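S.K.: Just passing along the structure, written as structure tokens.
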Amino acid sequence: MFKGLKRSVMKMFREFLVYHHSSLEFRAKLLTLMVSSDGEMDECEKHKLKEIAHHIYADDNERAELLIDMVKEFHTKIITNNGLDFEHLIWQITKEVKEVKRFCQKIDISLLMQLHECIDEEDEEERLFQMRIIEFLQNLKEGCKEA
């Protein structure tokens, strides 16, 4: 019970309580782009998301779980049309990369490709859409190097 209460408090006040909150939130937005591209989060994506979060924050299990929670929260907002949509998320990522140059380093294409593996081979349209997202993020990252 205490762990659940602590997680709830952290979610409500994460901007104040979580060290480098903006960095964590940016990573959550990147991952949400991939898992929300088809409008649902299947078991494969949940599993890969957990692996990725624990890879990014290998030494901090609590931070990894907070990242997973944030992705799920953003995903829910997108699919329920509750103040966030896919295009707005793309706009936020672009804006944040331009404002905070260190966020370019957070765009890890190899980790995002792990989520791409979850797309069914027969779903060509979804595979292509996710590849365009990855290309967009790759171009965004390369644009930082040139600037």
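S.K.: If I take R0 = 35 Å and measure r between the Cβ atoms of GLU142 and HIS47 in this structure, what FRET efficiency does the formula 1/(1 + (r/R0)^6) give, to the nearest 0.05?
M.R.: 0.70
S.K.: Can you compute the modelled spin-label distance between ASN82 and GLU117, with each label point 7 Å from Cα toward Cβ, in nm?
M.R.: Simple spin-label model gives 3.1 nm for this pair.
S.K.: What does the extension gain come out to for GLU99 and MET131, with contour length at 0.36 nm per residue minus their alpha carbon separation?
M.R.: 9.0 nm
Rule-based calculations on the coordinates, nothing more; no lab input. Quantities reported herein were computed from a predicted structural model and do not represent experimental measurements. Ideal geometry is used to build each Cβ from the backbone, glycine not excepted, and the neighbour counts take in all protein chains shown.
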